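To start, the structure under review is shown below, and the notes come after it.
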Amino acid sequence: MRRSERKITDPEVIEYVLNKGDICRLGLVNEGLAYIVPMNFGYKGGYIYFHSASEGTKIDILKQNPKVSFEIDIDHRIVEGDSACNWSASYLSIIGNGVVEFIDDAVAKKNALNVIMGKYSERKDWEFPGEVVDKTSIFRLFIKEISCKGSK
């Protein structure tokens, strides 16, 4: 990290960003080109959980190459200055990489959906119809590397 004074290593701050962020941007590689997709997510126990339709470009790419990068940012605001060169930004962000694995078991899929729904609703006991669960793709990202950066 070029700006070492902005590096954050406190695990509580990293957890805070993972839990507060609204969108996780997944970076995939499709035939040598970057493919970035913003997604709703849930975080629990070292994994980031996602849901998706069972077909589409993202699913096709992940089945070919489960290695991904990700980014989450929060608390961003522009900090004005007296001159253009004194303007800045305040933020907290994390970036990292890992490997995606698909979840096929119906019970595990429902648990993952409750992790995601719990993030946005603070409720973790949702019911999901079997036919919806069957048609929904659930995958989780095992975080291999993560770094956090912030500026006030």
Members of segment 124-142 found to be surrounded by fewer than 18 Cβ atoms within 10 Å (Cβ to Cβ) and part of a strand (DSSP E or B), listed by number: Thr136, Phe142
Anything in segment 92-107 that is of a type in the set (A, V, I, L, M, F, W, C), surrounded by fewer than 18 Cβ atoms within 10 Å (Cβ to Cβ) and within 13 Å of the chain's Cα centre (by Cα)? List them, or say none. Ile95, Val99
Only one of Ile74, Ile36, Ile138, Ile78 is among the hydrophobic types (A, V, I, L, M, F, W, C) and under 19 Å from Thr9 (Cα atoms); which? Ile74
Can you find even one residue in segment 94-112 that is out of contact with any His (no Cβ under 7 Å at 6 or more places or on another chain), of a type in the set (Lys, Arg) and within 18 Å of Leu26 (Cα to Cα)? no
Considering Lys20, Lys63, which residue is out of contact with any Ser or Thr (no Cβ under 8 Å at 6 or more places or on another chain) and more than 17 Å from Leu141 (Cβ to Cβ)? Lys20
Could you say whether any residue in segment 110-119 is among the charged types (D, E, K, R), without any contact (Cβ under 8 Å) to a residue 24 or more places away in the chain and either assigned to a helix (DSSP H, G or I) or over 29 Å from Val13 (Cβ atoms) (or both)? yes
Quick check on this structure: which one of Lys119, Lys124, Lys110 is farther than 14 Å from Phe70 by Cβ and within 13 Å of the chain's Cα centre (by Cα)? Lys119
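Is it the case that Ser121 is of a type in the set (Ser, Thr, Tyr) and surrounded by fewer than 16 Cβ atoms within 10 Å (Cβ to Cβ)?
yes
Bear in mind these aren't lab numbers, they're just calculated from the coordinates by the rules spelled out. No experiment lies behind these values; they were computed from the predicted model shown. Quick reminder, even Gly has a Cβ in these numbers, built from the backbone with ideal geometry, and neighbours come from all protein chains shown.
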